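Structure first, commentary second.
The values are calculated or read from the model by the stated rules, or taken from the named source; none is laboratory data. Predicted, not measured: the structure shown is a model, and the values here were computed from it. With ideal geometry, Cβ positions are generated from the backbone for all residues, glycine too; neighbour counts draw on all protein chains shown.
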C-alpha cells in the first residue's frame, strides 16, 4: 500500500489540508471541482440570501446529482460494452464457423477437381479406344 500523502488546497478562499493515498494532483483536482461548483452558485441570483448551512446542503445536493448522473452514464456505457462484447463474440463464432465451412468446401473442391481430372483422362482413353475400334486399328 502506498504511503498516506497530504496536500494543501484552496477551497472557497480558505486553505485546507487534505490527506489521502492519492497524489497531490488528484487532491488539487478535487479542490478545483468544488471551487467550480462554488463559482456556479455565486452566479445564481439570490444565492447570497441563503444561510451557510443551506448553501452547503445545496452544494452537496449538486455534487450528489453530478455523481449519480456520472454513475448512470458509466452504467449505460458498461451495458453498451457488454452488448458490444457479446456482438464481437458472436462475430468471432461466425468467423470460425465460416472458416471451417470454407476449409470443408476447399477440400470438396480439391476432391472434385481430382475426380474431374480422372474422368477427363478416362474420357480421353475411351475416345481413343472408340476411334481405334471404328477405324479398325486393333
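Some notes on this structure:
- Among the candidates 126, 134, 112, residue that is out of contact with any helix residue (DSSP H, G or I) (no Cβ under 8 Å at 6 or more places or on another chain), in a helix (DSSP H, G or I) and surrounded by fewer than 10 Cβ atoms within 10 Å (Cβ to Cβ): 134
- Qualifying residue in the range 71-83 (condition: touching a helix residue (DSSP H, G or I) at 6+ places or on another chain (Cβ under 9 Å), in a helix (DSSP H, G or I) and closer than 30 Å to residue 11 by Cα): no
- Screening the range 11-28 for residues that are surrounded by 13 or more Cβ atoms within 10 Å (Cβ to Cβ) and within 38 Å of the chain's Cα centre (by Cα) and picking the one that is modelled with the lowest pLDDT gives 20.
- Checked against (1) at pLDDT 95 or above; (2) in contact with a helix residue (DSSP H, G or I) (Cβ under 6 Å, 6 or more places away or on another chain); (3) part of a helix (DSSP H, G or I), residue 41 meets all criteria but (1).
- The set of residues in the range 48-61 being in a helix (DSSP H, G or I) and either on the phi > 0 side of the Ramachandran plot or surrounded by 14 or more Cβ atoms within 10 Å (Cβ to Cβ) (or both) consists of 55, 58, 59.
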